[in-house]
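Please read the structure below before turning to the comments.
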Amino acid sequence: LRRNTRFGFKSRGLGDVYKRQIVTSPVTATVRYTGPLLDYGQVVILEPMKDLLFVLAGLETVYVAAGDVIDVGTPLGLMGGTMGKNAAMQSTDSELTGAELTETLYIEVRQENAPEDPDLWFRTDKDG
């Protein structure tokens with residue numbers, strides 16, 4: 001787990017997504033904020049229950065609005081980045097390892113206004 005001093009916790013591998021990927025809601029929640037935040041791009045803040053917030057930042061385009069009540073799986077927005085004409089062909093050689101194909105989705109969980117470790121709330125495919 002790495003500590004991002006400006007934006008709470010970010011777990012290793014949890015926030016790596018493909019460029020131009022649609023980001024969906026991990027929970028049923030009320031959208032509390034959408035818009036820019038510092039240099040994190042577009043942000044969506046979800047409130048799945050009282051005193052619990054999920055902050056997702058790094059989006060280029062947002063599809064939801066503050067006040068929306070959304071279900072799990074609802075598209076929240078689109079990650080940024082350009083794919084380039086050969087990006088669909090992922091290579092494992094040293095020239096194109098796939099790193100150029102990813103963007104970082106910053107995820108912060110705040111419970112009672114204190115940052116929490118996102119790994120306590122999210123499970124990745126490698127978790128089983």
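The values are calculated or read from the model by the stated rules, or taken from the named source; none is laboratory data. Everything numeric in this text was worked out from a predicted model, so none of it was measured. All Cβ positions, glycine included, derive from the backbone under ideal geometry; neighbour counts span all protein chains shown. Side chains are part of the model used for accessible areas, which takes the heavy atoms of the whole protein and leaves out ligands, DNA and RNA. Shrake-Rupley method; radii C 1.70, N 1.55, O 1.52, S 1.80 Å.
Net charge near Leu53, counting Lys/Arg +1 and Asp/Glu -1 over other residues with Cβ under 9 Å of its Cβ?
Values: positive: Arg32, Arg110; negative: Glu47, Asp51, Glu108.
Around Leu53, the charge tally is -1.
So how exposed is Arg20, as accessible area in Å² (1.4 Å probe, rounded to 10)?
Approximately 90 Å² for this residue.
Just by accessible area at a 1.4 angstrom probe, what is the order of Tyr63, Tyr40 from largest to smallest?
From most exposed to least exposed: Tyr63, Tyr40.
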